[in-house]
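K.L.:
Provided herewith is a single structure, encoded as C-alpha cells, for subsequent inquiry.
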Amino acid sequence: MVSTINGKLFADMIIQGAQNLSKHADLVDSLNVYPVPDGDTGTNMNLTMTSGREAVEHNSSNHIGALGKTFSKGLLMGARGNSGVILSQIFRGFCKALEENEEINAQQLAESIQAGVDTAYKAIMKPVEGTILTVAKDAGSAAIDKAQSTEDCLELMSFVVESAKESLDNTPNLLPVLKEVGVVDSGGKGLVLVYEGFLAALKGETIEDNSQKIDAESLVTEAHDFHGVINTEDIVYGYCTEMMVKFDEQAKTFDENEFREDMSQFGDSLLVINDDEIVKVHVHTEKPGDVFNYGQQYGELIKLKSENMREQHREVIKKEQNNQTAQTETTTSNVETAVITISMGEGISELFKSMGATHVIHGGQTMNPSTQDIIDVIKQSNCKRALILPNNKNIQMASEQAADIVDVEALVVPTRSIPQGIAALFNYDKEDTLTDNKKRMLESLSVVKSGAITYAVRDTTIDGVEIKKDAFMGLAEDKIVTSNVEQNIAVQQLLQNMIEEDSEIITIIAGAEADDDTTAAIEQWLEAEYPEIEMDLHHGQQPVYPYLFSVE
C-alpha cells in the first residue's frame, strides 16, 4: 500500500512516465491518422515530457508542491506540437492543485488528476472528443470515483490506468476518422503511457531508459540561410525589391495579367497583390530602378525598398569566417518589432527574410519548435513587440503559449501553412500596429488555398480515398483529396480540386525532392489547361513535401 506521495516519489513517477513514453514514442507516431511520413505526436509528447523530466532531475526537493511547480514549468517551456501543449496543460492543472502540499494522499491525487482535466479543457477553444482530452477526462472521473473507496494511491492509480486504457480503446467510436483508419487516438495513447509509468513507480518498478535522442538543436534561427546553398557570384538577381503603387485615374489603366507578365521580365521571386486602390510588388531583380519606373506608370509610388542581397551574403560569409554564425547574428540583433516565422526549407527561409521576417525558426512538419524556442527568439531580439507566424496548425498552440508568457506585446497570426505565411507576410507593414497588421494578415488568408504533395507510409482508406504505401498523395488544406502512384497525376488531380473559375495565381514551391523535369511538366500542364492563370515558381527546398501549392 502507498498511503502518501512525497516529492521524491513523485519525481520517480515523472521519470518512469517519461521513460515509458520515450520507449514507445515510435508507436505513438505510427498512430497518426493520415499516412504521411511526418507523424510526430509521439515525438512531440516525448520531447515535451523529457523537458519536464530534465527540470525535475535538477530539483532534489522532497516537497511535492515545489517539485510539481518545477515539473509544470519544464513541460510548459518544452511543449512542442498541439499534443505536447495539451500534455503540459494537463499537468499544469495537476501540479497547481498540489502546490501547497509537502505530500499528498489518494484523495488529493485524484483531485489533482481531475484538476488537470479541467485546466486542459479550459485551454482548448474547441475541445474535440475522442482525443487525449477524452482519455484524460475519463481517467479523472475514474480517479474521483475510486478515491471514495480507497486510501491506497497504488490502487487508485491502477484503476486510473485501466480506465484510461478503456477510454483509449473507445476513441474510434467517438471520432469517426479513427474508426475509418483503424487506429486509436495517438495523443490519448501517449497519456496512457505516462500514467503507466506513474503506476510502475508506485509499484517500485523501473522502466528501461532507452530515451530517443532527438536533435532539438536543429531548430535554429537564421539571418539569411542562402549562404550555405550558393556562392555570392551565383546570385543572378541581386536586389530584393519591393514597392507599393497607389493607382491614379489619370495614369495607365491597371491590368493585372499585363502587369504581372511585364514584371516577370525584371527578375524572379515575383509576388503581386492588388486591390482597387493599390498594388504591392515583391521581386528579386538586377535593376530596381526599372521596376520603380515601370510601377510609376500606374500611379504614385508610396513605399519603396531595395536591398543588396549580394552584400548581405558577403556579410554573412564574413561573419562566419570570424566565427559569428548566422544564428548568432539573428539571435543577438535588436529589433523594435520581431516578426517571427516558422520555416521548413532554406529557400522558404530566404523568401520569408526577403519579405520582412526578422527571425526564422527552422521547424514545421518534421520538427515542431517548442514554446521555449519561440520565447528565446523574442527575448534575444530585445524587441518591444512580436508577431508570430506558426505556418502550421500543430505549432499554433505553442506559439500562443509563448505569446502569453513573454513580457512584451505579442500576437499570433494563425497561419496554417507555408503559403498562408507568405500571403500574411506580403501584407505586413512595419509602420503599422500589431493589431492592425494581424487584422490585415488574417483577411489575406481567406483568399489563399494551400495544397501539398507527399507520399504515403502505409496502406489505408481515408475520406473515401484509397491509399497505397509509397503512392503520392495530394492534400488540399488538411484533407487528402487524391492518391496516385504517378506523381504528375497526383499533382494534376490536386490542382484540379483547388482551382476555381475565379482563380488567378498559382504559386509552386518546389521541395528538396522535386526534380526539374517534373517541375517543368507541371508548368507545361498548367499553361495548357489554365492559360489564363499566372504561375509563380519558388525553390523552397522543404523536406517531405516535394511540392507545395497555393491558389489565389
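K.L.:
Criterion first (surrounded by fewer than 19 Cβ atoms within 10 Å (Cβ to Cβ) and at pLDDT 95 or above) does Glu102 satisfy it?
P.N.:
Yes: the conditions hold for Glu102.
K.L.:
So, of the residues in region 66-78 that are in contact with an Asp or Glu (Cβ under 9 Å, 6 or more places away or on another chain) and free of Cβ contacts under 8 Å to residues at least 40 places away in the same chain, which turns out to be surrounded by the fewest Cβ atoms within 10 Å (Cβ to Cβ)?
P.N.:
By that ranking, first place goes to Lys69.
K.L.:
Taking Thr518, is it without any contact (Cβ under 8 Å) to a residue 60 or more places away in the chain, touching a strand residue (DSSP E or B) at 6+ places or on another chain (Cβ under 9 Å) and part of a helix (DSSP H, G or I)?
P.N.:
So Thr518 fits the description; yes.
K.L.:
Output the residue which, of all residues in region 1-53 that are hydroxyl-bearing (Ser, Thr, Tyr) and crowded, with 19+ Cβ neighbours inside 10 Å, is nearest to Lys468 (Cα to Cα).
P.N.:
Tyr34
K.L.:
For region 270-351, give me every one of the helices (runs of 4 or more DSSP H) that falls completely inside it and has 2 or more residues that are at pLDDT 75 or above and more than 25 Å from Arg385 (Cβ to Cβ).
P.N.:
Counting at least 2 such residues, we get 288-295.
K.L.:
Among the residues of region 22-35, is there at least one that is closer than 22 Å to Ala136 by Cα, of a type outside the set (D, E, K, R), modelled with pLDDT of 95 or more and more than 19 Å from the chain's Cα centre (by Cα)?
P.N.:
Within region 22-35, none of the residues are closer than 22 Å to Ala136 by Cα, of a type outside the set (D, E, K, R), modelled with pLDDT of 95 or more and more than 19 Å from the chain's Cα centre (by Cα).
K.L.:
Can you list residue pairs whose Cβ atoms sit under 7 Å apart, with the first residue in region 225-248 being within 11 Å of Leu301 (Cα to Cα) and of a type in the set (Asp, Glu) and the second being surrounded by 13 or more Cβ atoms within 10 Å (Cβ to Cβ) and modelled with pLDDT under 80? Count only pairs 6 or more apart in sequence or on different chains.
P.N.:
From residues that are within 11 Å of Leu301 (Cα to Cα) and of a type in the set (Asp, Glu), the pairs are Glu242/Lys305.
K.L.:
Now a separate question. Tally time: how many residues in region 147-166 are more than 15 Å from Val192 (Cα to Cα) and without any contact (Cβ under 8 Å) to a residue 40 or more places away in the chain?
P.N.:
2
K.L.:
Could you pull out the residue among Glu180, Glu166 that is in a helix (DSSP H, G or I), over 27 Å from Pro369 (Cβ atoms) and at pLDDT below 95?
P.N.:
Glu180
K.L.:
So if I check each of Ala147, Ala164, which one is surrounded by 19 or more Cβ atoms within 10 Å (Cβ to Cβ) and within 30 Å of Thr460 (Cα to Cα)?
P.N.:
None of the others qualify; the one that does is Ala164.
The values are calculated or read from the model by the stated rules, or taken from the named source; none is laboratory data. What you see is a predicted model, and the numbers here were worked out from it, not measured in a lab. Cβ coordinates were reconstructed from backbone atoms using ideal geometry, including for glycine residues, and neighbour counts include every protein chain displayed.
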